[in-house]
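Please treat every number below as a calculation from the coordinates, not as lab data. All figures in this text were calculated on a predicted structure; none of them were measured in a lab. We place every Cβ from the backbone using ideal geometry, glycine too, and count neighbours over all the protein chains shown.
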Amino acid sequence: MRLLLLLVALLSLGCQPKDPRAEMTPEQVAIAFLDAIYVQQNTQLASEFVSDELKELLAHYRLPSSVQRHVLGLRMNNAELMIGDVGIDFFRLSDKDIQVTVKLEGDLDFERRLDDRTLELNRINGYWYVTKVEMDIHDING
């Protein structure tokens, strides 16, 4: 009887759905964070992808438009997001200070804008989190 209970318990543990967030790559987390801010306009959703320090900033600014302006330094409507560059080792062994550059293209005041944002990510407790946002070093939009 004990063996049967043990077998049932082990099988039920194996049937638990995996947390999809745990399997996300740094690139996917970076896109999900910016998508939550620029496309879905949802700071609550965006806060799931950031460190505690950035989470406080998102809570302070609350509105996606304020987060775009003050945290990311780039207001934009109808944004399209693309991965530009990933600073990670080939075998993905590093868990710290991974830089992902995301290209954003969208509208601001009826003009098309193209800009980059580099996000720094760290793995914390098995999940990737955005820990820092760097502005576009080329500043092509003046």
Relative to the compact-globule scaling 2.2 N^0.38 Å, provide the ratio for the alpha-carbon radius of gyration of region 23-134. 1.02
Burial ordering of 96, 55, fewest other beta-carbon atoms within 10 Å first: 96, 55
Sort 124, 31 so the one with the fewest other Cβ atoms within 10 Å of its own Cβ comes first. 124, 31
Between residue 113 and residues 5 or more places away or on another chain, the pairs with built amide H atoms under 5 Å apart involve 106, 107, 108
Suppose the chain between residue 21 and residue 77 were pulled fully straight at 0.36 nm per residue; how much longer would it get relative to their current alpha carbon spacing? 17.5 nm
